[in-house]
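Each remark here refers to the structure printed beneath this line.
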Amino acid sequence: FIKGVILIWGAIVWVQSVYAERLYVFYPSVMRTQLMQKQLSQALPGIEVRVFGRYRDFRAKTRADSPDAILSKEPVIKQLGSYSIKRKGLRDYDTNESYVLLSVGKRVNPRNMGRTTIGMFDILGRRGMKKFIGHYFRPKPRIKRVSKMEDLLQLLTFNMVDAILIPEIYVAYFEELSKLYFIKTPVPQMRVGIVALAVNKRRNAPHILRSLTSRNNSLKKLLDIDRWEVAR
C-alpha cells in the first residue's frame, strides 16, 4: 500500500513538473520585450512565461496555443473573447489610468481632433485601434501606430504627427529621453484599465493566480502597479 501511495505521489509530482502553466503577456511598456520576459520569468518561477512585443504576434499565438492565462490591457483581453478577467492591477487605489496628448511646441485640442494626426502604441491592430480611439474622440483623429514605445519619439521629432497619446505615467520617460519642449494635454474623458490577468475559460490556472495574488513586489514594480484586485 505504501509503495502504491509513493508511486501515485511521484506520478503527480512528475505530471506537475512536466506541465507548467503558460502565461502569455502583451503589455505596452518602455521596457524591451526580452528584458521584460527575463524579469517576469524570474518573478514567476514554475510558470512558462512568454512576452510579446507586437499585438498581431500575441493574438496569433494566443489563438493557436490557448495558454492557461494572459496578462494584458483590458481592451486587448476583451477582443480575444475566450478569456475571463480574474485580477486587475491597481495604482493609487484605481484600476484605470489617465492618458495625455504629448506634443512639441504647440498644444492640441482633445475636443477638436478631426484634422489631427496622433501616434500611438498599437495594442489592437488597425481596425481595433480606430474603434478604440472612436470611444474617446469625435471626430476621430488619424492614427500612426508603432510597436515600440521609443518609436513614438521619432514620430514627434520628425513632425510625422501632431501629438502622441500615452498613459500619463510614461511622460517622464519621454522627458528623460529627449530635450524637446513637450506640452502635456490631459484627455479628461479617457480612462483605461492599467493591466489585467485573464484565465482561459476552459481552465483554472491556480498556480498563476496564486503567484500574482502573493506579495510579489518584483512583478508589481515591472507593471507599475501597487497591488491586485479581484475582478468583479
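For the reader, a short list of remarks on this structure follows.
- A Gaussian network model of the chain, with springs between Cα atoms under 10 Å, assigns the largest mean-square fluctuation among P206, P167, P141 to P206.
- GNM top mover of A64, A163, A43 - the chain, alpha-carbon springs below 10 Å: A64
- Under-5 Å amide H pairs with D68, H placed in peptide plane, nonlocal only: R22
- Principal axis analysis of the Cα atoms in the stretch 40-190 yields extents of 49, 32, 32 Å, listed in decreasing size.
- Taken about its Cα centre, the chain carries a charge dipole of about 840 debye when Lys and Arg each add +1 at the Cβ and Asp and Glu each add -1 at the Cβ.
- Rolled with a 1.4 Å probe across the full set of protein chains, the surface gives D92 an accessible area near 120 Å².
- Over the Cα atoms of the stretch 56-108, the radius of gyration divided by the Kirkwood radius equals 1.13; this is the Rg/Rh ratio.
- Cβ-placed point charges (K, R +1; D, E -1), dipole of the stretch 162-232 about Cα centre in debye, nearest 20: 640
- Nearest-0.05 FRET efficiency for K179 and K201, computed from C-beta distance (R0 45 Å): 0.40
- Options P67, H135, A163, ranked by Cα towards positive dipole end of the chain, top entry (Cβ charges): H135
- In percent, rounded to a whole number, the relative contact order of the chain is 31, using alpha-carbon pairs under 8 Å and six or more apart.
- A cut-off of 5 Å between modelled amide H atoms, ignoring neighbours fewer than 5 places along the same chain, links Y27 with F52.
- Backbone HN-Hα couplings from phi across the stretch 179-195 [Karplus 6.51/-1.76/1.60, Hz, Gly and Pro as x]: 9, 4, 7, 7, 10, 9, 10, x, 10, x, 7, 10, 10, 10, x, 5, 7
- Protection proxy ranking, peptides 80-89, 151-160, average beta carbon neighbours within 10 Å, highest first: 80-89, 151-160
- Anisotropy class of the stretch 163-232 from Cα gyration tensor, a/c 1.5 cut: prolate
- If you run the Gaussian network model on the chain, springs between alpha carbon atoms under 10 Å, then out of I47, I194, I77 the most flexible one is I47.
- Karplus-derived 3J(HN,Hα) values for the stretch 161-177, using 6.51 cos²θ - 1.76 cosθ + 1.60 with θ = phi - 60°, are 9, 7, 6, 10, 10, 9, x, 4, 5, 8, 4, 4, 4, 6, 5, 6, 7 Hz; glycine and proline are entered as x.
- About the centre of its Cα atoms, the stretch 12-136 shows a dipole size close to 720 debye [charges on the beta carbon of Lys, Arg (+1) and Asp, Glu (-1) only; nearest 20 debye].
The values are calculated or read from the model by the stated rules, or taken from the named source; none is laboratory data. This one's a predicted model, so the numbers in the text were calculated from it and none came from an experiment. Reconstructed Cβ throughout: ideal geometry from the backbone, glycine too, with neighbour counts over all protein chains shown. Surface accessibility is based on the protein's heavy atoms, side chains included, excluding ligands, DNA and RNA. Shrake-Rupley method; radii C 1.70, N 1.55, O 1.52, S 1.80 Å.
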